[in-house]
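Input: a single structure, listed below in structure tokens.
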Amino acid sequence: MAANRGYNSTSAGTRLRLIEAASEILDEEGYPAFTARRIAGRAELKPQLVHYYFRSMEELVVTVFRRSSASYFRLHDEALSSARPLHALWDLNCNIPEARRMLEYVALGKIYPALRDEMRASGESFRALQIEVIEKVCAQNGIATPPMPAAVLATMMSALARSIVIESNVAMTTAHREIRDYIGATLDLYEPG
């Protein structure tokens with residue numbers, strides 16, 4: 001059997017078109033439309049090319065997720081490097097780009113174990129960075145006994161922001177303002193001013 005050069009191609013324009021088409025499909029149509037035929041159609045390519053450039057649909061979705069994760073990491077890094085990193089992180093997570101796609105990744109994670117593993121590793125990495133920054137903020141501001149442990153605050157911020165994003169997708173906004181106000185006031189205890 002001849003080697004398939006497309007699998008190892010990382011800079012091919014066609015491969016990139018497929019990745020972008022897969023991202024658009026997830027954003028606009030959701031995980032049920034994540035098929036080789038639909039993605040190739042969106043990219044205006046033949047369906048066979050999906051499997052030329054990716055060994056499986058699992059490999060494609062992991063590639064798309066890694067691209068999203070890298071994009072979020074840049075924004076996450078900017079937030080954590082800002083003057084008020086906890087406030088910036090909260091704002092980022094409440095207004096996360098590609099929020100719709102994140103829900104689709106969760107659904108696809110039930111189908112594709114490699115995606116689930118990638119999501120777990122990425123999430124744990126982000127959480128560790130957040131905990132580290134919360135601890136650093138406490139140390140810089142002389143907070144010996146913070147209102148809540150760093151791991152609890154990081155998890156609470158993430159979970160509440162995720163709920164706001166998910167509920168906003170279905171136009172539910174009840175108590176969102178109150179949650180934002182509460183988290184803002186809580187973060188002011190860590191980052192006054």
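All of the numbers you see were taken from the coordinates with simple rules; none came from a lab. Note that this is a predicted model, so its numbers are computed, not measured. When we count neighbours, we look across all protein chains shown, and the Cβ atoms used for this are built from the backbone with ideal geometry, even at glycine.
Between ALA159, PRO192, ALA22, whose Cα lies farthest towards the positive end of the dipole of the chain when Lys and Arg beta carbons carry +1 and Asp and Glu beta carbons carry -1, centred on the Cα centre? Result: ALA22, furthest along the dipole toward the positive end. Backbone geometry of the stretch 68-80 corresponds, through the Karplus equation with coefficients 6.51, -1.76 and 1.60 at θ = phi - 60°, to 3J(HN,Hα) couplings of 4, 5, 5, 5, 5, 4, 4, 5, 4, 4, 4, 4, 6 Hz, x marking Gly and Pro.
Shown in residue order for the stretch 187-192 are the 3J(HN,Hα) couplings computed by the Karplus curve 6.51 cos²θ - 1.76 cosθ + 1.60 at θ = phi - 60°: 5, 4, 5, 8, 10, x Hz (x for Gly and Pro). Find out how many positive minus negative residues lie around LEU92, taking Lys and Arg as positive, Asp and Glu as negative, among other residues whose Cβ is under 13 Å from that of LEU92. That works out to -1.
When peptides 97-106, 113-122 are ranked by their average number of other Cβ atoms within 10 Å per residue, the highest-first order is 97-106, 113-122. At an R0 of 35 angstrom, the distance between the Cβ atoms of GLU44 and ILE166 translates into a FRET efficiency of 0.60.
Expressed as a fraction of 2.2 N^0.38 Å, the C-alpha radius of gyration for the chain is 1.21.
From its DSSP helices (H runs of at least four residues, each -39,500 (n - 2.57)), the chain gives a residue-normalised ellipticity at 222 nm of -23500 deg cm²/dmol. When the chain is treated as a GNM with alpha-carbon contacts under 10 Å, the residue of LEU26, LEU49, LEU60 showing the greatest mean-square fluctuation is LEU49.
Between the amide H of ASN141 and any residue lying 5 or more places away or on another chain, no distance stays under 5 Å, with hydrogens modeled in the peptide plane. Would you please state the base-10 log of I(q)/I(0) at q = 0.22, 0.30, 0.31 1/Å for the stretch 148-193, with intensities from the Debye formula using one equal scatterer on every alpha carbon? With no solvent term, the Cα-only Debye profile gives -0.79, -1.10, -1.13. Since only LEU60, LEU75, LEU92 are under comparison, the one whose Cα sits farthest along the positive direction of the charge dipole of the stretch 1-112, derived from C-beta charges on Lys, Arg, Asp and Glu, is LEU60. Working note: Karplus 6.51/-1.76/1.60 with θ = phi - 60° gives the stretch 100-114 the couplings 4, 5, 4, 5, 5, 4, 4, 5, 5, x, 6, 8, 10, x, 5 Hz, where Gly and Pro are set to x. Label-to-label distance for GLU178 and ALA151 is 3.0 nm, based on points extended 7 Å past Cα in the beta-carbon direction. Placing a label point 7 Å from the Cα of VAL106 along the Cα-to-Cβ direction, the residues of the stretch 28-61 with a backbone N closer than 20 Å are 28-34, 61.
Relative to the dominant Cα principal axis of the chain, helix 85-94 is inclined by about 50°. Note on THR186/LYS136: beta-carbon distance plugged into 1/(1 + (r/R0)^6) with R0 of 22 Å gives a FRET efficiency of 0.80.
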